[in-house]
1. Taking the dipole about the Cα centre of the chain, with the C-beta of Lys and Arg at +1 and of Asp and Glu at -1, give me whichever of Ile326, Val142, Ile276 is farthest to the positive side.
2. Show which aspartates and glutamates lie in cross-link reach of Lys226 when reach means a straight Cα distance below 15 angstrom and same-chain residues fewer than eight apart are skipped.
3. Suppose every K and R has +1 on its Cβ and every D and E has -1 on its Cβ; what is the size of the dipole of the chain about the Cα centre, in Debye to the nearest 20?
4. Please grab the % of Cα pairs in the chain that end up more than 32 Å from each other.
5. Which of Ser148, Ser216, Ser97 ends up with the largest GNM mean-square fluctuation for the chain, with Cα atoms connected below 10 Å?
6. Give Lys159/Lys285; Lys70/Lys189; Lys37/Lys123; Lys174/Lys200 a once-over and call out the pairs whose C-alpha atoms are over 32 Å from each other.
7. Excluding Lys296 itself, what net charge comes from residues whose Cβ is under 12 Å from its Cβ, given Lys and Arg +1 and Asp and Glu -1?
8. With the chain treated as a Gaussian network of Cα nodes joined by springs under 10 Å, which of Glu334, Glu222, Glu350 yields the largest mean-square fluctuation?
Amino acid sequence: MSGKTRSPDQQRKIIHIDMDAFYASVEQRDFPHLKGKPIAVGGGENRGVTTTASYEARKFGVRSAMPGYKAKQLCPQLIFMPPRFDVYKQVSDQIRSVFRNYTDIIEPLSFDEAFLDVTENKKGEEIATYLAQAIKTEIKAVTELSCSAGVSYCKFLAKVASDMNKPDGLTVIKPHQAEAFLEELPISKFFGVGKVTGRKMAALGIEFGKDLKKWSRFDLVERFGKAGSFYYDIVRGIDERPVKAERVRKSLGVERTLDEDLAEMDDILPVLERLIDLFFKRLQKADNFGRTITLKLKTHEFQTLTRSQSRNYFVKDQNEIRTIAIQLLESNMEAFEKIRLIGLTASNLEDELEDDAQMAFDF
Ligand code: TTP
Ligand code: MG
């Protein structure tokens, strides 16, 4: 967050995508008799709270986190469905692979929403609105579900925009529209201003952006701490926060510190065998194998040695991993007197993204 603004040619292009009535829409998709009906996911008839409600139910005032009995009072014909988190997770994975067709700079906020930085994108498309439309269409094709998109030059505005024309919305806030738009925006719609702060602001007569804008940075910091400075900036449309790409795992490994320092092949080998077993299980569990296997040794003098072998395919066979690991150890027995730690890692993983662009971004 800084006060600096970018010149138009440095302007970022950010899209925020949020699925519409996510859990409820998945239920309506999979159980067609629920289409067009007021439904709530979770909550049960009397106990528990609802996770979300279909748009039909929202007309009656049914909301997320509402106790089931209250939801039923508001909407007697409400149908409660038990949640199916595994299905929501699958859809979440599907939408993320759609996003990846456009950019690798993706920051998921939850199962059903994410920021995408499309300033540079895999389609070579300049106009972010076209990309947002294409993403919506592709999500619909893949999942049969609708989402809403917000397009702007910063995260804050993209997020606010995606919420403006739900469901199935696509809202663009251009740089020159930002300040006027924010002046008219109710504080309750300011993403990042929680309920407690919202109430505190209301008590100070701050109901809309334009009220917030009357406050100096100094006074806001005095009242709200560091967040005050953030509020000062966002109401002016200044939000430099980068879209933070998910960190993609670059290697997967195991290591063990030995009970005592070991020098002889005969002593080290059984430890390595156990480590190979563990390592293989770990790779299997992650369902992620690598083309490079690295043996790591720490000497009793705390010097670290790493030795690797690479293949031009993913090494998925435990025997092959074993052969590589043992060869690496055998050919390096001369490199140390005694070792205190031994480790194995796989890198050049199947899950890895092809380029490192997002890492450079995520400083
Ligand atoms: P949201 O995106 O907040 O809501 P939504 O997708 O249901 O509806 P909208 O069209 O307004 O975006 O949350 C996504 C999912 O997360 C939602 O379907 C259910 C779950 N969730 C909870 O479990 N508890 C909650 O309090 C909220 C807000 C959401
Ligand atoms: Mg949603």
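Every number in this text was worked out from the coordinates using simple rules, so none of it is lab data. Just so it is clear, the model here is predicted, and its values are computed rather than measured. Don't worry about glycine lacking a Cβ; one is built from the backbone with ideal geometry, like all the others, and counts go over all protein chains shown.
1. Checked the options; the winner is Val142.
2. Straight-line reach from Lys226, under 15 Å: Asp239.
3. Values: 55 positive and 55 negative charges, 390 e Å.
Magnitude of the dipole: close to 1880 debye.
4. Working: 34112 of 65703 pairs.
Everything past 32 Å amounts to 52 percent.
5. Comparing Ser148, Ser216, Ser97 in the GNM, the peak value goes to Ser216.
6. Lys159/Lys285; Lys37/Lys123
7. +3
8. Highest fluctuation of the listed residues: Glu334.
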